[in-house]
Amino acid sequence: MTLKSNRSLLDIDRDHLIHPVTSFRAHEARGATLLQSGKGMWLTDMDGNQLLDAFAGLWCVNVGYGQDSIVEAAAAQMRQLPYATGYFHFGCETTVRLAQKLADLSPEGLDHVYFTLGGSDAVDSAIRYIIHYFNAIGRPSKKQFIALDRGYHGSSTTGAGLTALSNFHRLFDLPHAWQHHIPSPYPYRSELTDDAAIIARSVQQLKDKVAELGADNVAAFFCEPIQGSGGVIVPPKGWLKALRDTCTELDILFVADEVITGFGRTGPLFACEEEGVTPDLMTLAKGLTAGYAPMGALLMSDKVYQGIANGAAPELAIGHGFTYSGHPVSAAVGLEVLRLYTEGGILANGRSVGRRFAAGLNAIADHPLVGDTRGRGLLGAIELVADKDSKARLDSALKIPDRLFAQGYKNGVIFRSFPDNIIGLAPALCASDEEMDEIFARIRKTLDDLLEEADIRAAV
Ligand code: PMP
């Protein structure tokens, strides 16, 4: 037997660590890239390479790496009280204060907060509470759920079915029979060029789906205000409000999944704010603790809360909960992160550097490989094509996403490289203008490098 201490970390990783959303075989062949430390916008890997992180980890490290005040808040909470269950009516001040902050900062009417460990269990909790709600108010037929193609709602057994990415369904027996999808608005790939027409079509598609299933059978519609993992699909302004209003009209619940868009990512604290939208439920995670500790949240309107409360048998606890719901250390991190966004000026910085980000996206649109750039705030995408006029995609045999990511890494920039040759960008809100310019300079160099390769040049 091999002595474990004699093996390299990369071998140990191959043998023992299963990576999320990764092909086991591809990982065995390629091995891991181990990151060592981070400061601000910069990461250092185990070989000492310095990298500009244009993706905030996984769209989460919104305040940048190395914020000492967060470390201190977590350590102080661990010293004082590392754990308090929320079961048995227990709790602790830190968690209560964070719930109060979220109720205060979120759209009017979302007053009740259920804490989770991340986004997937926030979505799963939304689904469970919605089922419970309709049973509790005596409308048990409302059990069908609708979401968008290209949507992402996490990786739980329920949420992964609302997610509409093929690798989350394939061989997982998903979606469930009670989960349905309508087309994504995807303006760049829509034959409609008029924003109003794109919005009207989404509204009609939702109405048609509800009519097909029967309004008495439909519980809720879930959507991201901007679709993240589906390739940063930015719907026209007004789309979110129109879909919200349609749900009200159809008497179904509207759930905004703001796991990515929350906490300043698109400019305002929440993307719903921009259109004056109050969802019936809202899911949050990522920016809530900026990746410094795991935490998510489900915000619930009073209507849903009261429906569940009234329906509960007084002697029976409502059977939904996690050991770590409202974990005090994560809550302490969340409180400090929220302080950094507001009093620490990070939201304001994000809005300001967001203008530089938009300028960078605009400027790179002239590159021969770029078909579309899109974004809002500090969330953006660059979509590569073989032909700008026809919008034809580059042949998948060219394996552009892998090559793009590898070349970017070589050039010292980390971004997301999506399957349809879409570069996803979500830099931290603490970036300086100079760092933003550097991100785009490195991306441009990466695209130039790819274009130098004979097979890619021949394809465009
Ligand atoms: N919803 C959305 C919109 C997300 O982007 C994600 C994560 N990328 C999730 C839910 C799931 O969150 P988590 O990975 O924290 O479980």
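Observations, loosely collected:
- Residues of the stretch 149-168 with amide N under 19 Å of a point placed 7 Å along Cα→Cβ from residue 249: none
- Couplings 3J(HN,Hα) for the stretch 384-398, derived from phi with the Karplus relation 6.51 cos²θ - 1.76 cosθ + 1.60 (θ = phi - 60°), are 8, 9, 7, 9, 5, 6, 7, 6, 4, 6, 5, 4, 5, 5, 6 Hz, where x marks Gly and Pro.
- Counted over the chain, the DSSP beta bridges are approximately 65% antiparallel.
- Residues with amide H under 5 Å from that of residue 417, placed H, sequence gap 5 or more: 424
- Rounded to the nearest 20 debye, dipole of the chain from Cβ charges on Lys, Arg, Asp, Glu: 460
- Rounded to the nearest 0.05, the FRET efficiency derived from the C-beta distance between residue 366 and residue 315 at R0 = 56 Å is 0.25.
- Local charge for residue 62 was computed over the other residues whose Cβ lies under 9 Å away, with Lys and Arg +1 and Asp and Glu -1, and equals +2.
- Placing pseudo-labels 7 Å out from each Cα toward the beta carbon at residue 12 and residue 26 gives an inter-label distance of 2.6 nm.
- For the chain, the mean residue ellipticity at 222 nm estimated from helices alone is -12500 deg cm²/dmol, where every DSSP H run of n ≥ 4 contributes -39500 (n - 2.57) and the total is divided by all residues, rounded to the nearest 500.
- Tensor-based shape of the chain (alpha-carbon gyration tensor, a/c under 1.5 rounded, otherwise prolate or oblate): oblate
- Taking label positions 7 Å along the Cα-Cβ direction at both residue 448 and residue 36, the computed distance is 2.9 nm, reported to one decimal.
- For residue 120, neighbours were defined as the other residues whose beta-carbon sits under 12 Å from its Cβ, and their charges (Lys and Arg +1, Asp and Glu -1) total -2.
- Surrounding net charge for residue 300, when Lys and Arg each add one and Asp and Glu each subtract one, Cβ distance under 13 Å: -1
- Inter-label distance, residue 388 to residue 90: 6.3 nm, where each label sits 7 Å from its Cα along the C-beta direction.
- In range of the label at residue 395: residues from the stretch 425-460 whose backbone nitrogen is under 18 Å from the point 7 Å along Cα→Cβ: 450-460
- Computed about the Cα centre, the dipole magnitude for the stretch 75-187 is approximately 160 debye when only Lys and Arg (+1) and Asp and Glu (-1) carry charge, each at its Cβ.
- Here the calculated FRET efficiency for residue 193 and residue 216, from their Cβ-Cβ distance with R0 = 35 Å, stands at 0.40, rounded to the nearest 0.05.
- Cleavage-rule hits, chymotrypsin sites (Phe, Trp or Tyr not before Pro), the stretch 2-98, DSSP coil, Cβ neighbours within 10 Å at most 16: 83, 90
- Value of relative contact order over the chain, rounded to a whole percent, pairs C-alpha under 8 Å and six or more apart: 20
Any read-out appearing in this document is the output of simple, stated calculations on the displayed coordinates, not a laboratory observation. Treat the numbers as computed from the prediction; the structure is a model and nothing was measured. Quick reminder, even Gly has a Cβ in these numbers, built from the backbone with ideal geometry, and neighbours come from all protein chains shown.
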